[in-house]
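Notes follow once the structure below has been shown.
The values are calculated or read from the model by the stated rules, or taken from the named source; none is laboratory data. The structure displayed is predicted, hence computed values, not measured ones. Every residue, glycine among them, receives a Cβ derived from its backbone with ideal geometry; neighbour counts consider all protein chains shown.
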Amino acid sequence: MNSDKTRGLLCIWTDVDPEHDLDFNRWYDREHMQERVAIPGFQSARRFGAIGRCPRPYLALYYTDSLGVFQTDAYRQAFTNQTAWSLENFKRMRGTQRRVGKLSVEAGEGEGGSLALFVVPQGRLARPGMRAQLQQALTDVAAQDHVIRATLLETDAGLSTPITAPAVAAPADGLVMMEATRADVAAAHANALSESLGLPAGGVYSFQLLWRLGS
């Protein structure tokens, strides 16, 4: 994929204080997604909820024209001038991982209602030939029955500033995401690829789509 066509992605993966779960979802559904998608360069946003065990049961994905969108004045203005409702919910979020990066691999077409993901640690992603291996593997997976899309987010550590006080900045790792029409298919392919990369068992998490906003 040519660099001038490589999309950017903001990924927020988090837990929330159960006492404030309703207000947290109301904030996301009634304000925050709309506010972000209105920023020039943002294309769409999707929210997911975890299926089964997951230390961070909520996942939000924001797609942009390019990684450069996160360095524009419009985005900086939004990031540094959060609404009062946003600031209140940031305090309630727990174990948050915020990743900003480029979608260096996008294989397949469309968007799946089920998603499975796992993290490729920074050291593993930096190994010679690893990006090419992931490119081929994700392209192969995207051609399988029931699979709609397979992507690799490469995290830009410099742009992945935490939004919650206890959180630490994400390293330059990778996030592999597989989307399918069936949750078991997405999870099976994600587990198989994770295992082939020699990653520890138990690092694959499954989600279902809650809703989408954008063109």
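Would a scan of segment 148-159 turn up a residue that is closer than 19 Å to Leu61 by Cα, among the aliphatic types (A, V, I, L, M) and at pLDDT below 95? No, that holds for no residue.
State whether the residues of segment 121-143 include one that is in contact with a Gly (Cβ under 7 Å, 6 or more places away or on another chain), more than 19 Å from Gln208 (Cβ to Cβ) and of a type outside the set (Gly, Ala, Ser). Scanning segment 121-143 turns up at least one residue that is in contact with a Gly (Cβ under 7 Å, 6 or more places away or on another chain), more than 19 Å from Gln208 (Cβ to Cβ) and of a type outside the set (Gly, Ala, Ser). Could you list, in sequence order, the residues of segment 148-179 that are in contact with a Lys or Arg (Cβ under 9 Å, 6 or more places away or on another chain) and more than 19 Å from Ala126 (Cβ to Cβ)? Passing the criteria: Thr161, Pro162, Ile163, Thr164, Ala165, Pro166, Ala167, Met177, Met178, Glu179.
Assessment of segment 138-159 against the conditions (closer than 22 Å to Val37 by Cβ, in contact with a Cys (Cβ under 9 Å, 6 or more places away or on another chain) and of a type in the set (Val, Ile, Thr)) yields at least one matching residue. Considering segment 180-215, and only residues there that are part of a strand (DSSP E or B) and of a type in the set (A, V, I, L, M), the residue that is farthest from Ile51 (Cα to Cα) turns out to be Leu213. No other residue among Ala60, Ala50 is in contact (Cβ under 8 Å) with a residue 12 or more places away in the chain, touching a Pro at 6+ places or on another chain (Cβ under 6 Å) and surrounded by fewer than 20 Cβ atoms within 10 Å (Cβ to Cβ) apart from Ala50. The condition of being over 16 Å from Leu10 (Cα atoms), of a type in the set (S, T, N, Q) and crowded, with 17+ Cβ neighbours inside 10 Å holds for only one of Asn89, Asn81, that being Asn89. Within segment 20-29, can one find any residue that is under 19 Å from Ala167 (Cα atoms) and in contact with a strand residue (DSSP E or B) (Cβ under 6 Å, 6 or more places away or on another chain)? There is at least one residue in segment 20-29 that is under 19 Å from Ala167 (Cα atoms) and in contact with a strand residue (DSSP E or B) (Cβ under 6 Å, 6 or more places away or on another chain).
Of the residues Val120, Val141, the single one that is in contact (Cβ under 8 Å) with a residue 40 or more places away in the chain, touching an Asp or Glu at 6+ places or on another chain (Cβ under 7 Å) and among the β-branched types (Val, Ile, Thr) is Val120. In the set (1) under 18 Å from the mean Cα position of the chain (by Cα); (2) modelled with pLDDT of 95 or more; (3) of a type outside the set (S, T, N, Q), Arg53 fails one condition alone, (2).
The condition of being surrounded by fewer than 20 Cβ atoms within 10 Å (Cβ to Cβ), under 30 Å from Thr72 (Cβ atoms), under 15 Å from the mean Cα position of the chain (by Cα) and at pLDDT below 95 holds for only one of Pro162, Pro166, that being Pro162.
The number of residues in segment 1-27 being free of Cβ contacts under 8 Å to residues at least 40 places away in the same chain and hydroxyl-bearing (Ser, Thr, Tyr) comes to 1.
One residue stands out among those in segment 127-136 that are without any contact (Cβ under 8 Å) to a residue 40 or more places away in the chain and either farther than 15 Å from Val105 by Cα or touching a strand residue (DSSP E or B) at 6+ places or on another chain (Cβ under 6 Å) (or both): the one that is surrounded by the fewest Cβ atoms within 10 Å (Cβ to Cβ), which is Pro128. On inspection, Gln43 passes the criterion of being under 17 Å from the mean Cα position of the chain (by Cα) and either surrounded by 17 or more Cβ atoms within 10 Å (Cβ to Cβ) or at pLDDT 95 or above (or both).
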